[in-house]
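J.: Encoded as structure tokens, here's the structure I'll be asking about.
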Amino acid sequence: MEKSKIFFENDSACVYYDENLDALFLQYKSKVKTMDEFILINGSVVQAFKQLNTTNLIADIRKMGIISLDAQDWVLNNLFPPVLEHLNGKKLFHAQLLDPSEIMSKVAASNLRKKTSAIGFTIEQFGDEQSLIEKLQSLKKPMV
């Protein structure tokens with residue numbers, strides 16, 4: 001995945017746009033230290049998404065660790081509403097890239113997935129980068 005434009009980066013995460021895949025990525029590099037840092041990172045996701053004309057939002061949570069209930073609630077209440085509003089009726093494709101061996105992070109990610117279906121979209125989950133890339137490529141609109 002190519003970082004065409006980096007919107008935010010610190011020791012824990014990087015938020016970047018991949019022009020080839022037409023997707024905004026949130027890639028965790030390590031466990032987030034505090035809830036304040038989590039809000040800073042995910043707030044930058046919202047700001048970046050609003051600057052783009054994409055419908056694809058990918059969270060690579062393989063190195064994030066466990067997503068707390070407070071963090072899940074923050075995402076539901078503060079990340080998804082402005083992202084969906086920005087799309088103005090267009091369908092959001094949101095995917096999580098997870099480490100299949102991390103049982104607790106899979107449980108937290110699945111919990112968030114169930115909650116988002118109640119607000120109108122489903123989070124797709126992938127255990128490897130290649131299948132995620134293939135899915136994103138299949139979503140790209142052909143050039144006319």
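The values are calculated or read from the model by the stated rules, or taken from the named source; none is laboratory data. All of these numbers come straight from a predicted model, not from anything done at the bench. Quick reminder, even Gly has a Cβ in these numbers, built from the backbone with ideal geometry, and neighbours come from all protein chains shown. Calculation scope for accessible area: heavy atoms of the full protein, side chains included, ligands and nucleic acids excluded. Shrake-Rupley method; radii C 1.70, N 1.55, O 1.52, S 1.80 Å.
J.: On a full-extension model of 0.36 nm per residue, what is the gain between residue 88 and residue 66, subtracting their alpha-carbon distance, rounded to one decimal in nm?
T.: Working: separation 22, 0.36 × 22 = 7.92 nm, distance 3.15 nm.
Result: 4.8 nm gained on full extension.
J.: Now, a different point. For the chain, give the share of DSSP beta bridges that are antiparallel, in percent and rounded to the nearest 5; count only bridges with both residues there.
T.: Numbers: 10 of 23 bridges.
Within the chain, antiparallel bridges account for around 45 percent of the total.
J.: If you average the sequence gap of Cα pairs under 8 Å that are 6 or more apart and divide by the length of the chain, what percent do you get for the contact order? Display every interim value, and only then the final one.
T.: Working: 215 pairs, mean separation 28.7, N = 144.
Across the chain, relative contact order equals 20 percent.
J.: Let me ask another. To test your reading of the geometry: what angle, between 0 and 90 degrees and rounded to tens, separates the Cα axis of helix 129-139 from the longest principal axis of the chain?
T.: The answer is roughly 40 degrees.
J.: Residue 111 label point, 7 Å along Cα→Cβ, cut-off 15 Å on backbone N: hits in segment 64-84?
T.: 65-77
J.: Specify which residue in the list 45, 133, 120 is farthest towards the positive end of the charge dipole of the chain, using unit charges on the beta carbon of Lys, Arg (+1) and Asp, Glu (-1), about the Cα centre.
T.: Most positive-ward Cα: 120.
J.: Once the whole set of protein chains is in place, how much accessible area is left on residue 138, using a 1.4 Å probe, in Å² to the nearest 10?
T.: Around 80 Å² of this residue is reachable by solvent.
J.: What is the packing order of peptides 48-55, 15-22, 66-73, taking the mean over residues of other C-beta atoms within 10 Å and listing the highest first? Intermediate values should be presented prior to the final figure.
T.: On the way: 48-55: 16.1, 15-22: 18.4, 66-73: 14.6.
Ranked from most to least packed, the peptides come out as 15-22, 48-55, 66-73.
J.: Apply 1/(1 + (r/R0)^6) to the Cβ-Cβ distance of residue 35 and residue 124, taking R0 = 25 Å, and write down the FRET efficiency to the nearest 0.05.
T.: On the way: r = 26 Å, r/R0 = 1.05.
Step by step, r from the Cβ atoms, then E = 0.45.
J.: Follow-up. Around residue 18, with a cut-off of 12 angstrom between Cβ atoms, what is the net charge of the other residues, counting Lys and Arg +1 and Asp and Glu -1? Working shown, then result.
T.: Working: positive: 3, 5, 140; negative: 2, 19, 22, 60, 129.
Neighbour charge sum, excluding residue 18 itself: -2.
J.: Please state the shape class of the chain: rounded when a/c is under 1.5, otherwise prolate if a/b exceeds b/c and oblate if not, all from the C-alpha gyration tensor.
T.: Here the chain falls in the rounded category.
J.: Can you give the calculated 222 nm mean residue ellipticity of the chain, where each DSSP H run of n ≥ 4 adds -39,500 (n - 2.57) and the sum is split over every residue, rounded to the nearest 500 deg cm²/dmol?
T.: Working: 5 runs with 57 residues, N = 144.
Mean residue ellipticity at 222 nm (helix-derived): -12000 deg cm²/dmol.
J.: Is segment 47-106 best put as rounded, prolate or oblate by its Cα gyration tensor, with a ≥ b ≥ c the root eigenvalues, rounded for a/c under 1.5, and otherwise prolate when a/b is larger than b/c, oblate when not? Present the calculation step by step, with values, prior to reporting the outcome.
T.: Details: a/c = 2.70, a/b = 1.75, b/c = 1.54.
Note, shape of segment 47-106 comes out prolate.
J.: Treating the angle as unsigned and between 0 and 90°, give the value, to the nearest 10°, between the Cα long axis of helix 35-51 and the longest Cα principal axis of the chain.
T.: Here the helix axis deviates by roughly 10 degrees.
J.: Moving on to the next point. Please give the length that would be gained between residue 9 and residue 77 if that part of the chain were fully extended, namely 0.36 nm times their separation in residues minus their C-alpha to C-alpha distance (nm, one decimal). All intermediate terms of the calculation are to be shown ahead of the outcome.
T.: Numbers: separation 68, 0.36 × 68 = 24.48 nm, distance 2.31 nm.
Gain on stretching residue 9 to residue 77: 22.2 nm.
J.: Which value, in debye to the nearest 20, gives the size of the charge dipole of the chain about its Cα centre, when Lys and Arg are +1 and Asp and Glu are -1 at the Cβ? It would help to have the intermediate numbers written out before the result.
T.: Details: 17 positive and 18 negative charges, 71 e Å.
Roughly 340 debye for the chain.
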